[in-house]
Amino acid sequence: MTATAIPGRRRLQPSDLTRLATAGLRTRKLRAGLSALGIAIGVAAIVAVLGLSASSQAGLLAEINQLGTNLLTATNGQSATGGTVELPTAAAPMMGRINGVEQVQSSGKVSGAGAYRGPFIPSTNTNGLTVEAASLNLLPVIATTLADGHYLNAATAQEPVAVLGATSAQLLGIDHVYPGERIWIGGQWFYLTGILRPAVLASDIDSAVLVGYPAAEKYLGFDGHPSTIYLRAQNERVNAADNLLANTANPENPSGVNVSQPSDALVAQADAKGAFDGLFLGLGAVALLVGAVGVANIMIISVLERRSEIGLRRALGATRGHIRTQFLSEALLLGLLGGVVGVAVGATATAVYADTKHWATIIPPEAWAGGITASLIIGAVAGLIPALRAARLSPTQALWSI
Amino acid sequence: MTRTPSPPSEDTAAAADNGITIKGPGAPVLDIDDVTKTYPGEPPVQALRGVNLTVGPGELVAIVGPSGSGKTTLLQLMGTLDRPTSGRVRITGLDAAAMPDEDVAYLRATRIGFVFQQFFLAEHATVLDNVADGLLYAGVPIGERRLRALDALELVGLAERPHARPTQLSGGQRQRVAIARALVDQPAIVLADEPTGNLDQATGHAILSLLDQLHQAGSTIVVITHDHAIAERMPRKVEILDGRIVADTRSVREESS
């Protein structure tokens, strides 16, 4: 009689495997929850860090978008010998003729004039404020608005009337425009008519006191040359306009014109977001590692506790492979549980924080997918040794040595 | 190799598929041939010293001996839970010692049922699922497992409470669940290790009556016990001492059947 025939081998069906893998977790819920908690914390930390970083970046980009990236500025530069190269007075109207340029405004720094609360303030206490002549439609171009009062108009531009930039108002201690309120500019009183909100794209304006071009020439000895020209171009023509700007502004001396795109700085800032993520991701990884040790620990205890179950299953016909798969699946499930909870918590934290900051909530796919994958890998690695131990246990030892 | 689930009623056919020659009706279900088992150690322990035993289909056999006589080792070898140091153990003609582990496991899944002194029931699962687990590793789908588990519960007189938890049952009822689990795949042989060891005398008697009843219905059952009183009730009594069979007696009453 031959005795080498193979009666057959069976694989567990997925539904049976799921039932086996969840049995241990269902019967020891608190323990399973606690051991998954470590992984959950790690994944939550990682998801929240990546999510917050992405959301704040999105917030900044949204702000940039709102401010517009089509603002170009041309400022007076320096000549080879170190002197200032004035922009021609005709520079602004010339630039307005560049194809695709929508609006052109300018400001001109009034040299030698300071702005003070009154005539008795020592003239050395300038507060770093500048006095600038400003054109009449400046505000929409630099994307700012009035915090209080009115801007200059064709009439007030002729008269000793001033508008304060956001920082200047703060430094002068003025937060409100009262009728008849005056400040002392270049040795005479100027009536205050408005206060601006911060201009993110033109921070020079924040620390400036703005007066009309005619008034500046009339009362402050201004030479009429603009020092900064602000222009908005059609989005698709920004680069073309950028190239033409220096030549158009000052055809005689194009190298004496500095052209810049202020939104570049913000874009760079947005790109730089996440520079500190590494540290927090590292902390998240440590939490994950601790979670992995927790899962491994629980699984080893579980194998010790369930010796008789393992023995019984072997007696019922389970192979070593069946036992190994059961315990490995349980560990994977623990990891997955932690991962899913972690992603949920991390995403919620991101959403809540982003909401308070009025950012759009963005969870990068690599954050949640990575979190779940990492937790599965951790479950597998942490469960491997316990599962192998369970599978190695001989049925007689498991059933008779308790 | 055959991969079709083979209900034990078709065992002969399945075995024939595997190229096994089954001797006519009455071929031994269990055939132990000059088996020894030595546990390594200092000094090595010789648990079995040349055991020969044949159990035919439909027999009810008691293996009785004091503790340390080797009866548990014999059960482990009969149940293919361990391999002999020498000799052969054949279950329905298949030599377990010559098979890889996976196939021995499948042999257990389909042809051997176990009943243990400690019942070993899963407390979080229902009675029905505990019994149905007896078919889990034989590759039977869950629906059929539960149907057959109900049948098995009927056999042991517990059909009314399939959804109870083992913790809600008495010791005797738990052992009935364990017996149903052993029977659910209609194994060629049921091995019971001190099945009444954890029960009081009355309950124990009820369990023995149940085994008797199952035997009458055609099951092949081997009961391992240290209790001669239990062994006396059985139609065949195999006494084991110091790793050897010292007596093998059949009661005349059962010889005729």
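Derivation of every value follows stated rules applied to the coordinates shown; laboratory data play no part. Keep in mind the model is a prediction, meaning the values are calculated, not measured. Counting neighbours? That spans all protein chains shown, and the Cβs are built from the backbone with ideal geometry, glycine included.
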Per residue Cα convex hull volume for region A:246-312, in cubic angstrom? 122
Relative exposure of B:T38, A:T356, judged by other C-beta atoms within 10 Å (fewest first): A:T356, B:T38
Per DSSP H run of at least 4 residues, take -39500 (n - 2.57); add these up for chain A, divide by its residues and hand me the 222 nm value, nearest 500 deg cm²/dmol. -17500 deg cm²/dmol
How many lysine pairs are close in the protein assembly as shown, with Cα atoms under 18 Å apart and the two 8 or more places apart or on different chains? 4
Can you pull out the GluC sites (Glu not before Pro) in region B:62-163 that DSSP calls coil and that have at most 13 other Cβ atoms within 10 Å? B:E123, B:E160
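Let me know the shape class of region B:60-171, please: from the alpha-carbon gyration tensor, a ≥ b ≥ c as square roots of the eigenvalues, rounded when a/c is under 1.5, otherwise prolate if a/b is greater than b/c, or oblate.
Verdict is oblate for region B:60-171.
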Just to confirm the filter: which chymotrypsin sites (Phe, Trp or Tyr not before Pro) across region A:113-173 are DSSP coil and have at most 12 other Cβ within 10 angstrom of their Cβ? A:F120
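Roughly how large, in nm² to one decimal, is the mean projection of the convex hull of the alpha-carbon atoms in region A:240-388? All intermediate terms of the calculation are to be shown ahead of the outcome.
Working: hull surface 57.8 nm².
With the hull built on Cα positions only, its mean projection is 14.4 nm².
Please check chain B for the longest run free of trypsin sites (Lys or Arg not before Pro) that are loop-located per DSSP (anything but H, G, I, E, B) and have at most 16 other Cβ atoms within 10 Å. Please report the intermediate quantities before stating the final value.
Details: sites that count: B:R3, B:K23.
So the longest stretch without any such site is B:24-257.
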When a/c reaches 1.5 or more, the comparison of a/b and b/c decides; with that in mind, is region A:127-203 rounded, prolate or oblate per its Cα gyration tensor? rounded
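How about region A:305-382: which trypsin sites (Lys or Arg not before Pro) there lie in a loop by DSSP and see at most 16 other Cβ atoms within 10 Å?
When the trypsin sites (Lys or Arg not before Pro) of region A:305-382 are filtered for loop state and at most 16 Cβ neighbours within 10 Å, A:K357 remain.
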quick note, region A:101-247, DSSP beta bridge pairs, % antiparallel (nearest 5) is 70
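What net charge is computed for the residues neighbouring A:G165, neighbours being all others with C-beta under 11 Å from the C-beta of A:G165, Lys and Arg scored +1, Asp and Glu -1?
Charge balance in the 11 Å sphere: -2.
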With no solvent and one point per C-alpha, what does the Debye sum give as log10 I(q)/I(0) for chain B at q = 0.16 Å⁻¹? -1.25
For region A:156-238, what class follows from the C-alpha gyration tensor (a ≥ b ≥ c being the square roots of its eigenvalues): rounded when a/c is under 1.5, otherwise prolate if a/b is larger than b/c, else oblate? oblate
Any idea which of A:Q103, A:M299, A:G82 is furthest toward the positive side of the dipole for chain A, if Lys and Arg beta-carbons carry +1 and Asp and Glu beta-carbons -1? A:M299
Which three extents, in angstrom, do the Cα atoms of the protein assembly as shown have along their principal axes, listed largest first? 139, 50, 47
So what's the Cα pair-distance distribution over region A:1-154, bin width 10 Å, in %? 7, 16, 18, 14, 10, 8, 8, 9, 5, 3, 2, 1, 0
